[in-house]
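Student: After the structure tokens below, expect a handful of questions from me.
The values are calculated or read from the model by the stated rules, or taken from the named source; none is laboratory data. None of these values were measured; they are calculated from a predicted model. Methodologically, a virtual Cβ is constructed for each residue, glycine included, from the backbone with ideal geometry; neighbour enumeration extends over all protein chains shown.
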Amino acid sequence: MKRDTTQQAVVNYSHEKGSVEIREVSRPGIGEDDVLLEVANVGVCGSDLHQWTADHSWAVNYPVVLGHEFGGVIVELGDKISSWKIGDRVVSETAAIINSNSPLSRSGHYNLDPDRRGFGYGVDGAMTRYVRVPARCLHQIPDHLTFEKACLTEPCCVAYNAVVGNSRIEPGDRVVVLGPGAIGILCAAIAKLCGADVAVVGLDVDRQRLKIAEQYQCAAIIGDASSWARQIDGLGADVIIDAAGVSLALKTALELVRPGGQITKVGWGPDPLSFSLDPLVQKNVTLQGSFSHHWTIWEKVIYLLAESKLNVSPIIGGIWPITQWKEAFEKMHHGEVVKSVLKPA
Ligand SMILES: [Zn+2]
């Protein structure tokens, strides 16, 4: 379909540091399996910041419209779409392109398909007014769930997969979350839902964000968490969630985890390790990576959000029009807010 209408978008246009600006782009056309979504809200992800500061470790298809945490209203349907209608309120998964014939996709693990390309780096994302979305990515949300909250379904799903899918947490477990960013705090909130005692650990500069962690009834620790981790029987925490990513965090995790415990790594960091993994062997620790999410997790998380069992309001630091993306990015980058949310201008 040919369109000549344009829209403002937050565009990441090269691999140079700071290569993000508002550009006038064409409103996307859609294919027969797509819908056109009018974006209501879009969350700023740490990965959007990484592409802006050019310290990301994934390939970006420049120029690309940023934004993969979004929800909105369907305004146009592809010819083959019969299960959705104009006006449906939806959120979208992030796997914009997958190879549906790959063994991983066929077994429901399309999030791990090597051909997967996500919104905001592989294809144009949602920091604009209209975004093209394959219908298979969509999930309906109930009318009472606001888009300000619903747009954060995606980071909640990342956290859910790390804590529920890729860790085994039992009521009464002690869980340490390293890194008080949005994913870290959401991991902590979900570990609380699993019945764990949870501490969120950060640095001195994280004071503001750690206050938010306390709103989820988590202990907030600056620096050394070993006394909290060892408080019950002196052996360490059952589960460490590494939502910080830097190599040093894994070293800390190995110190804090109890023998036979688990470390789940959800944070990214491009630097090599500079320490021995022998404690992993000696303590018989399970080290598990966690990436992305899939359909079932999305349905669970939407239910938790809709029933207010998981409240994302404390992490939302403000809502900015996309034209003020820079202020929204900077506030998050400097840790003044945990999560910035944008809306079309
Ligand atoms: Zn994200």
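Student: Sort out which residues of region 173-232 are out of contact with any helix residue (DSSP H, G or I) (no Cβ under 9 Å at 6 or more places or on another chain) and of a type in the set (Ser, Thr, Tyr), and write them in order of number.
Tutor: If the condition is that a residue be out of contact with any helix residue (DSSP H, G or I) (no Cβ under 9 Å at 6 or more places or on another chain) and of a type in the set (Ser, Thr, Tyr), then Ser227 is the only one that fits.
Student: Tell me, yes or no, whether region 171-179 has at least one residue that is farther than 25 Å from His334 by Cα and under 20 Å from the mean Cα position of the chain (by Cα).
Tutor: yes
Student: Would you be able to say whether some residue in region 165-175 is modelled with pLDDT of 95 or more, assigned to a helix (DSSP H, G or I) and of a type in the set (A, V, I, L, M)?
Tutor: Scanning region 165-175, I find no residue that is modelled with pLDDT of 95 or more, assigned to a helix (DSSP H, G or I) and of a type in the set (A, V, I, L, M), so the answer is no.
Student: OK, next. Just one of Ile319, Ile315 is of a type in the set (A, V, I, L, M), closer than 23 Å to Val65 by Cα, touching a residue at least 60 places away in the same chain (Cβ under 8 Å) and in contact with a strand residue (DSSP E or B) (Cβ under 9 Å, 6 or more places away or on another chain); which is it?
Tutor: The unique qualifying residue is Ile319.
Student: Which condition number does Gln262 fail, the rest of (1) surrounded by 16 or more Cβ atoms within 10 Å (Cβ to Cβ); (2) in contact with a helix residue (DSSP H, G or I) (Cβ under 9 Å, 6 or more places away or on another chain) being met?
Tutor: Answer for Gln262: the failing condition is (2).
Student: Next question. Of everything in region 144-154 that's more than 14 Å from the ligand (Cβ to nearest atom) and in contact with a helix residue (DSSP H, G or I) (Cβ under 8 Å, 6 or more places away or on another chain), which residue is farthest from Val42 (Cα to Cα)?
Tutor: Only one residue tops the list, namely His144.
Student: Hey, another quick one. For residues that are closer than 21 Å to Trp298 by Cβ and more than 16 Å from the ligand (Cβ to nearest atom), scanning just region 54-77, find the one that is surrounded by the fewest Cβ atoms within 10 Å (Cβ to Cβ).
Tutor: Val73
Student: Here's a follow-up. So which residues in region 78-103 are surrounded by fewer than 15 Cβ atoms within 10 Å (Cβ to Cβ), of a type in the set (Gly, Ala, Ser) and without any contact (Cβ under 8 Å) to a residue 24 or more places away in the chain?
Tutor: Residues satisfying the conditions are Ser82, Gly87, Ser100.
Student: Of (1) touching a residue at least 60 places away in the same chain (Cβ under 8 Å); (2) more than 20 Å from Ile322 (Cα to Cα); (3) within 16 Å of the ligand (Cβ to nearest atom); (4) of a type in the set (A, V, I, L, M, F, W, C), Ile141 satisfies all except one. Which?
Tutor: (3) is the only condition that Ile141 fails.
Student: Residues in region 321-340 that are assigned to a helix (DSSP H, G or I) and surrounded by fewer than 14 Cβ atoms within 10 Å (Cβ to Cβ): how many?
Tutor: 2
Student: Out of Phe275, Phe291, report the one residue that is over 19 Å from Tyr216 (Cα atoms) and exposed (fewer than 13 other Cβ atoms within 10 Å of the Cβ).
Tutor: Matching residue, one of Phe275, Phe291: Phe275.
Student: Name the residues in region 115-138 that are away from the ligand (no atom under 16 Å from the Cβ) and in a loop (DSSP other than H, G, I, E, B), would you?
Tutor: Residues satisfying the conditions are Asp115, Thr128, Arg129.
Student: Go through region 215-260 residue by residue and tally those that are closer than 13 Å to Val200 by Cα and not β-branched (Val, Ile, Thr).
Tutor: Adding up the residues that qualify gives 19.
Student: Looking only at region 104-114, filter to residues that are more than 16 Å from the ligand (Cβ to nearest atom) and touching a residue at least 24 places away in the same chain (Cβ under 8 Å); which one of those is farthest from Trp52 (Cα to Cα)?
Tutor: Looking at the filtered set, the residue picked out is Gly108.
Student: For region 31-53, what are the residues that are hydrophobic (A, V, I, L, M, F, W, C), within 12 Å of the ligand (Cβ to nearest atom) and in contact with a Leu (Cβ under 9 Å, 6 or more places away or on another chain)?
Tutor: Scanning region 31-53 gives Val42, Val44, Cys45.
Student: Of all residues in region 11-52, which are in contact (Cβ under 8 Å) with a residue 60 or more places away in the chain, of a type in the set (D, E, K, R) and assigned to a loop (DSSP other than H, G, I, E, B)?
Tutor: Arg27, Asp33
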